[in-house]
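Read the structure below first, then the notes.
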Amino acid sequence: MSEDNLEKQLNLEVEMMSTNQLTNLGNQAQGMGLIAGHGFRAGKYEILRQGEFLLLTPMEAKKYLENLIKEITG
């Protein structure tokens, strides 16, 4: 495998891990009743909460969900 292909594969694996982590955070927040739904939409991450929707970058969504969960769990 060439170095370029290896780098692409590693980047893809890191992206998948980040996506899985974000999905897990969304599922946790939804399971706790903090949000009504979540998922990717048009390259952004959508969070449904209290009748409103937030459209954030994946990094912003991760921070938002982590803070939301932290508020409840301490």
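Data overview
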read-out: Complete set of residues in region 22-56 that are under 14 Å from I69 (Cα atoms) and polar (S, T, N, Q); value: T23, N24, N27, Q28, Q30
read-out: Pairs with Cβ under 6 Å, 6+ apart, first in region 23-34 and free of Cβ contacts under 8 Å to residues at least 24 places away in the same chain, second assigned to a loop (DSSP other than H, G, I, E, B) and of a type in the set (G, A, S); value: none
read-out: Any chance T73 is touching a residue at least 24 places away in the same chain (Cβ under 8 Å) and loosely packed, with under 14 Cβ neighbours inside 10 Å; value: no
read-out: Inter-residue pairs, beta-carbon under 6 Å, first surrounded by fewer than 17 Cβ atoms within 10 Å (Cβ to Cβ) and in region 57-68, second part of a helix (DSSP H, G or I), 6+ apart; value: P58/L22
read-out: Of all residues in region 22-47 being in a loop (DSSP other than H, G, I, E, B), small (G, A, S) and modelled with pLDDT of 95 or more, the one that is surrounded by the fewest Cβ atoms within 10 Å (Cβ to Cβ); value: G33
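The values are calculated or read from the model by the stated rules, or taken from the named source; none is laboratory data. The shown structure was predicted, so the numbers you read here are calculated from the model rather than taken from an experiment. Ideal geometry is used to build each Cβ from the backbone, glycine not excepted, and the neighbour counts take in all protein chains shown.
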